[in-house]
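Laboratory data are not the source of any read-out in this text; all were calculated from the coordinates shown. Bear in mind that the values here come from a model prediction, so they are computed numbers and not experimental data. As a convention, Cβ positions derive from the backbone with ideal geometry for all residues, glycine included, and neighbour counts pool all protein chains shown.
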Amino acid sequence: MSALQLVGLVITLVAVFGYLNQRFVKLPDTIGITAIGVVVSLAAVILASFDTAISAAVKATAAGIDFPELLLHGVLGMLLFAASLQIRLADIAKEKWLILFLATCGVLLSTAIVGGLFYLATAWLGLGISLLHCLLFGALVSPTDPVAVLAILKRVGVPKSLEMRIAGESLFNDGTGVVVFLTLLEISTGTGSASAGSTALLFATEVLGGTAFGLVAGYAAFLMMRQIDSYPVEIMITLALATGGYALAEAAHLSAPIAVVLMGLIVGNRGRREAMSDETQDRLFNFWEIVDELLNLLLFGLIGLEMIVLTFSGGQAAAAALGIVIVLAARLVSVGVPLLAAPRLRHFRKAAIVVMTWGGLRGGISIALALSLPDLPGRETLVSTTYSIVIFSILVQALTLQRVAARVLSASPQASPQ
C-alpha cells in the first residue's frame, strides 16, 4: 500500500467514525471517534483470529502507520502551535511559578513515583522489568497531553483560572517529559552517560536551548509579520514556525515541543496585538482552529485504530490495571504537593487537586513514546500498559471530568477562584 493510499484509508476511517459518532453515539468528537476506533479495532482482532490471512493483512495495515514518526516528528508541532496560539499570557501570568513547578519538578516527581511503584508491581507479577526501564515508562506517561486536555477543557466549564493552570501545565510538561524520556533512553541503551552531571547538562541543554530557540524564532516571525499585511503570507510564516521551526529545533537536539509552544505564545499574544490587521487575525486564527480540530480528530482516531497491534497476556493485563492506579496516585502526589504549598489556593486546594488529578489526561504523546521504545526486555508490557492508561484516560476520565469538576467545585467554599 502506497503512502497516499494509507493516508487516504486512515482519513476515510476517521471520517466514518466521526459520522457514526455524530449520527448515533453523540459523544464529544474526540472521545466518540476514539471509542469507535477501539470498538472497530477489537472487532478486527476478533475477526482476524478466525482467519490467519485476514490477521496478517490487518496487522500489516496497522503496522504500516508509523505512529511515533507521524506524531513526534510530524503533526505534534502543529498541534502544540495551534494550542499555544489560543492561550493568553495574561491568563497564565498569575500562576507562572506554579505552572513552571508543575511542568518541571512535577514531571520529575511523577516519573520517580510511577517508575518505582511500577517496578515493584511488575516484580510482584513476575514480569521482571528493570528499574531503569520502569523509570522510562514513568517518563512517558507522566506528562499530560495538551492535545487531549485542551480538547476536553473547552467543554467542561471549569473556572477560567483553573482551566489556565491545567492548560498551561499541559503545554509545557510534555516538553519536559520528552526530554526526561530521551535522557533515560540514552542511558538505558548505552549511548549516554549515567552520571548525574552529564544527565543534568543534557536536560538543561534541551530545555534551556529549546526555550531560547523558541523565543528567538517567535520574535523573528513577529518582526516579519509586523512589516507586511498579507494574511496568506502571514499564515505561511506561522506554518513555517510549526513545521520548519519544530524540525530545526529537533535537528539541533533542543526541546522542540517547548520551542514551538513559545513561538505560538509570542505570535498569539504580541503578534495579535501589534502585527496583525483585523482581517489577518480572523483568517489566521480561524485557519489554526480548523487545523487543530482536524488533526485532533485524526490523532484520536489513530489511537483507537492502533489497538489492533496490541497483545495482552494475563500478567500484562494485570500490569495494565495496576498501571492505571499507579499513574493516578502519582498524579495526585505530583499536583497535590505544589498546590498545598500555594498560598493563593488555600480556599480552593481540595477542588483544584481533584480536578487537576482527574483532568490529567494522557494521549498520543505517551503512545508515540511507548511505540518508539527499542526492543528491550518488557517492551510489550510497557506498550500495552501505556495504551490501557491512555484509553482509560480518554474514555473514562474525560467523559466524567465535567461531573467530577461540578461536584467538587460546588462543594468548595470559594466557588470562583481567582
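Cα to Cα, under 17 Å, and not fewer than 8 places away if on the same chain: which aspartates and glutamates meet these conditions relative to Lys160?
Once the sequence-local aspartates and glutamates are set aside, what remains near Lys160 is Asp91, Glu95, Glu169.
What are the trypsin sites (Lys or Arg not before Pro) within the stretch 229-276 that DSSP puts in a loop, where the Cβ has at most 10 other Cβ atoms within 10 Å? Before the final figure, lay out the partial values.
Numbers: sites: Arg270, Arg272, Arg273; in loops: none.
Passing sites in the stretch 229-276 do not exist.
Report, in listed order, any pair from Lys94/Lys350; Lys26/Lys350; Lys26/Lys94 with a Cα-Cα distance greater than 30 Å. Intermediate results must be reported in sequence, preceding the final value.
Details: Lys94/Lys350 19 Å; Lys26/Lys350 32 Å; Lys26/Lys94 37 Å.
Those over the limit are Lys26/Lys350; Lys26/Lys94.
Compute the distribution of all C-alpha to C-alpha distances in the chain, in bins of 20 Å from 0, and list the percent of pairs in each, rounded to whole numbers.
27, 60, 14, 0
Are there GluC sites (Glu not before Pro) in the stretch 276-379 that DSSP marks as loop and that have at most 12 other Cβ atoms within 10 Å, and which are they?
In loop regions of the stretch 276-379 (DSSP not H, G, I, E or B), there are no sparsely surrounded GluC sites (Glu not before Pro).
Check every DSSP H run in the chain and write down those whose alpha carbon atoms cover 24 angstrom or more along the long axis and whose mean Kyte-Doolittle hydropathy is -1.0 or greater.
Numbers: long enough: 3-20 (26 Å, 2.24); 29-48 (28 Å, 2.15); 96-124 (41 Å, 1.66); 160-188 (41 Å, 0.66); 196-226 (44 Å, 1.23); 278-305 (41 Å, 0.49); 314-341 (41 Å, 1.84).
Qualifying helices: 3-20, 29-48, 96-124, 160-188, 196-226, 278-305, 314-341.
For every other residue with a beta carbon closer than 14 angstrom to the beta carbon of Leu382, add +1 if it is Lys or Arg and -1 if Asp or Glu, then tell me the sum. Don't skip to the answer; put the middle values down first.
Values: positive: Arg362, Arg379; negative: Asp375, Glu380.
Within the 14 Å Cβ shell, the charges total 0.
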